[in-house]
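**Student:** Have a look at this one.
The values are calculated or read from the model by the stated rules, or taken from the named source; none is laboratory data. Predicted, not measured: the structure shown is a model, and the values here were computed from it. Note that each Cβ is placed from the backbone with ideal geometry, even for glycine, and that neighbours are counted across all protein chains shown. Keep in mind that these areas ignore ligands, DNA and RNA; they rest on the heavy atoms of the full protein, side chains included. Shrake-Rupley method; radii C 1.70, N 1.55, O 1.52, S 1.80 Å.
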Amino acid sequence: MDSLRAISLLGATGSIGMQTLDVIRAHRDAFRLVAFSAGRNIEQARMIIEQFSPKVVCVAQKEDADMLQSEYIGRVRIVSGEDGLIEVATVQEADIVVNAVVGSVGLVPTLKAIEAKKTIALANKETLVTAGHLVMKHAIDYGVSILPVDSEHSAIFQCLQGEQQKNIECIILTASGGSFRDRTREQLEHVTVEEALKHPNWSMGAKITIDSATMMNKGLEVIEAHWLFHLPYEQIDVLLHKESIIHSMVQFHDGSVIAQLGTPDMRVPIQYALTYPDRFPLHIERLNLAQVATLHFQKVDMNRFRCLQFAYEAGNIGGTMPTVLNAANEEAVAAFLAGRISFLAIEQCIEQAMERHVPIAHPDLETIREVDRETRQYVKSLHM
């Protein structure tokens, strides 16, 4: 790179956000952090401000913003709420916006960042799940690149470099199976939050770890892949692969399969999105296939992982149904994490929300937001 790339980071205090800061920290001569959002983690926000000296910082609550602003008068502009997120996403100096927030809160800031002609490094699945048709059309209209940060989508993106879309037969997303991959449905009746949060391979935030255990994480990735790679759902497969060494694959119509392999470390796809089309050195554990020795693969049982089946159904129905899927899942996972519902009740909430919804084709942004709000209210009512 000829000059510093300026980064705006939505969700700096989450798992992906912290690992993005690791990448920026490792390449100070290539990147600078000009803005970030921190939600409610004020202590962490202070540490990031002190280390990176950004221009704009967003926190969730106005009172926290006022307190921080009094501490950093003349040094940093502190903003709050959705308007603040949008300001971070559109800050003039930024070249790349990394969307690492969790949930549909990432949608509007992404749309605004596209309008500001920022390159989008997307780690927020819900943005494309909730409104993929709007986001991708926006990106085309404004000539903006959307670079995937999820390890699976980054793997497919890397496998497709130099290839032609017309030659793709299918893409294969790999799935670890999450915390409970070896348990039967009967054994899932009484699992605890603590058990669900113990992912065997990846270090992730609580919501994404639960999504991995239910396989909703993979379901959201299927819908995301549909939009990112312009493929129908029948050309998107999922394969259980417990080692998480092959991050995903592309099969071409001549029978060739190209895979991207590596140790499970999210800094690899994060850094690739920030440096694309270049690659920078990264000091992580190298993959040693002789040491790994054996890789395992298994077909997904849709009756065992019902959330994945729901995602395929929602994607094929289209319109507002993926919005319902996502909103119902977010609320159900939050209820499980708070101890209000059981693990298996997560999928029950999602199924009930989808069954009662009459999908609306080609929804605009306001319709999507209204369906999102209505679905959340309904799911909350199920376990009040």
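**Student:** Let me know the charge dipole size of the chain about its Cα centre in debye, to the nearest 20, where only the beta-carbon of Lys, Arg (+1) and Asp, Glu (-1) is charged.
**Tutor:** So the dipole magnitude of the chain works out to roughly 480 debye.
**Student:** By a straight-distance test (C-alpha under 26 Å), which lysines pair with Lys117 as possible cross-link partners, with residues fewer than eight away in the same chain excluded?
**Tutor:** By straight Cα distance, Lys117 reaches Lys55, Lys125, Lys137.
**Student:** Which residues in segment 274-300 place their backbone N less than 18 Å from a point set 7 Å from the Cα of Ala26 along the Cα-to-Cβ direction?
**Tutor:** 274-288
**Student:** Can you show me the helix-derived [θ] at 222 nm for the chain, built from DSSP H runs with n ≥ 4 at -39,500 (n - 2.57) apiece and divided by the number of residues, rounded to the nearest 500.
**Tutor:** Values: 16 runs with 177 residues, N = 384.
Result for the chain: -14000 deg cm²/dmol, rounded to the nearest 500.
**Student:** Arrange the peptides 184-190, 92-98, 42-48 so that the one whose residues have, on average, the most other Cβ atoms within 10 Å appears first. If you can, show how the numbers build up before the last one.
**Tutor:** On the way: 184-190: 11.3, 92-98: 21.0, 42-48: 16.3.
Final packing ranking: 92-98, 42-48, 184-190.
**Student:** Charges on Cβ only, +1 for Lys and Arg, -1 for Asp and Glu, centred on the Cα centroid of segment 242-356; of Ile317, Tyr272, Leu287, which one is farthest towards the dipole's positive end?
**Tutor:** Leu287
**Student:** In addition: Counting only residues 5 or more places away or on other chains, whose amide H sits under 5 Å from the amide H of Ala175 once H atoms are built in the peptide plane?
**Tutor:** Placed amide hydrogens put Leu239, Leu240, His241 under 5 Å from Ala175.
**Student:** Ranking request for peptides 205-214, 69-78: highest mean number of other beta-carbon atoms within 10 Å first, then the rest in descending order. Present the calculation step by step, with values, prior to reporting the outcome.
**Tutor:** Working: 205-214: 22.9, 69-78: 13.7.
Listed from highest to lowest mean packing, they are 205-214, 69-78.
**Student:** Determine the dipole magnitude for segment 235-384: charges of +1 sit on the beta-carbon of Lys and Arg, -1 on that of Asp and Glu, nothing else is charged, the reference point is the Cα centre, and the result goes in debye to the nearest 20.
**Tutor:** Numbers: 13 positive and 18 negative charges, 82 e Å.
The calculation lands at about 400 debye.
**Student:** Shifting gears a bit: In nanometres, what is the gap between the two model label sites at Tyr233 and Glu169, each 7 Å from Cα along Cα-to-Cβ?
**Tutor:** In this crude spin-label approximation the distance works out to 2.3 nm.
**Student:** Taking only protein heavy atoms and a 1.4 Å probe, what accessible area per residue, in Å², does the chain have with all protein chains in place?
**Tutor:** Numbers: 16550 Å² over 384 residues.
Normalised by residue count, the accessible surface of the chain is 43 Å².
**Student:** Ignoring ligands, DNA and RNA, what percent of the accessible area of the chain is carbon or sulfur (1.4 Å)?
**Tutor:** 49
**Student:** Along Cα→Cβ, 7 Å out, is where each label goes; now give me the distance between the ones at Ala290 and His253 in nm to one decimal.
**Tutor:** Distance between label points: 4.1 nm.
**Student:** Of Met215, Ser145, Gly106, which is farthest along the charge dipole of segment 97-218 in the positive direction, counting Lys and Arg as +1 and Asp and Glu as -1 at C-beta?
**Tutor:** About the Cα centre, the residue reaching furthest to the positive side is Ser145.
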